[in-house]
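Worksheet: the structure to be examined is printed underneath.
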Amino acid sequence: MLQKVVIIIIAMVVVGLVIVAYQKKKYFYIGTFIYNKNGNNFVYNISQTGHYLLNKTMIPESPKDKAFFKIEEGTYQKKTTFLQIKPEKQVCYFYKDVRALVKNNYYKHESSKPEKYKLSLQNHGLFVNNQRLKRVRKGKLISVKQFANFKNKN
């Protein structure tokens, strides 16, 4: 009797591990990813619920030049070879220089609704402009609402 219970428990653990491995392979595009290009840092959080969040930071070469931070929120739809990104809102915060960016002391902000775009799905990876997005294990992105609440507290 005890042997049967042990076998059942081991079988359940093995089935659970197989299911987790299958889901990681099938839903490889879900998670947090980073992409760098020419001083711009793009950090995507793609969730299981069909929503995404993008934090984009533009850091100039000179610390005295203007910098900006964008927050983009929206939904996505998975197609066979790409994710169709459907932005719902975007807020851009402008900073006089890099020091102001670090202190989060922006001088103006603008809201807009960007155009739809695509993230390519190839070889179990996400690609933007033929560059693979790198998966980030830890990290948290900030939404427009969270940023406004944070700024109001300070």
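Taking Lys64 as the residue in question, decide whether it is touching a residue at least 12 places away in the same chain (Cβ under 8 Å) and not in a strand (DSSP E or B).
yes
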Answer residue from the range 106-148, given it is modelled with pLDDT of 85 or more and aromatic (Phe, Trp, Tyr) and is farthest from Gly74 (Cα to Cα) among those: Tyr107
What tally of residues in the range 8-61 results from selecting those that are among the charged types (D, E, K, R), more than 17 Å from Gly139 (Cα to Cα) and without any contact (Cβ under 8 Å) to a residue 60 or more places away in the chain? 3
So which residues in the range 1-44 are surrounded by 10 or more Cβ atoms within 10 Å (Cβ to Cβ) and among the polar types (S, T, N, Q)? Gln23, Thr32, Asn36, Asn40, Asn41
Those residues of the range 89-117 which are in contact with a Phe, Trp or Tyr (Cβ under 9 Å, 6 or more places away or on another chain), assigned to a loop (DSSP other than H, G, I, E, B) and not polar (S, T, N, Q), in sequence order: Lys96, Tyr106, Tyr107
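Looking only at residues in the range 110-147 that are under 18 Å from Pro87 (Cβ atoms) and of a type in the set (A, V, I, L, M, F, W, C), which one is nearest to the chain's Cα centre (by Cα)?
The first filter runs over the range 110-147 and keeps only residues under 18 Å from Pro87 (Cβ atoms), leaving 110-120, 126, 128-129, 133, 141-147.
Now narrow it down to the ones that are of a type in the set (A, V, I, L, M, F, W, C): 119, 126, 128, 133, 141-142, 144, 147.
Values: Leu119: 12, Leu126: 11, Val128: 13, Leu133: 10, Leu141: 7, Ile142: 10, Val144: 14, Phe147: 16 Å.
Ranking the qualifying residues of the range 110-147, first place goes to Leu141.
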Among what's in the range 93-109 and is closer than 13 Å to Ala148 by Cα and aromatic (Phe, Trp, Tyr), pick the residue that is nearest to the chain's Cα centre (by Cα). Tyr93
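Look through Lys138, Lys96, Lys103, Lys89 and report the one residue that is under 21 Å from Tyr52 (Cβ atoms) and out of contact with any helix residue (DSSP H, G or I) (no Cβ under 9 Å at 6 or more places or on another chain).
On the way: Lys96 fails: under 21 Å from Tyr52 (Cβ atoms); Lys103 fails: under 21 Å from Tyr52 (Cβ atoms); Lys89 fails: out of contact with any helix residue (DSSP H, G or I) (no Cβ under 9 Å at 6 or more places or on another chain).
Matching residue, one of Lys138, Lys96, Lys103, Lys89: Lys138.
The values are calculated or read from the model by the stated rules, or taken from the named source; none is laboratory data. A quick note: this is a predicted structure, and the numbers were derived from the prediction, not measured. Heads up, the Cβs are rebuilt from the backbone with ideal geometry, glycines too, and the neighbour counts pull from every protein chain shown.
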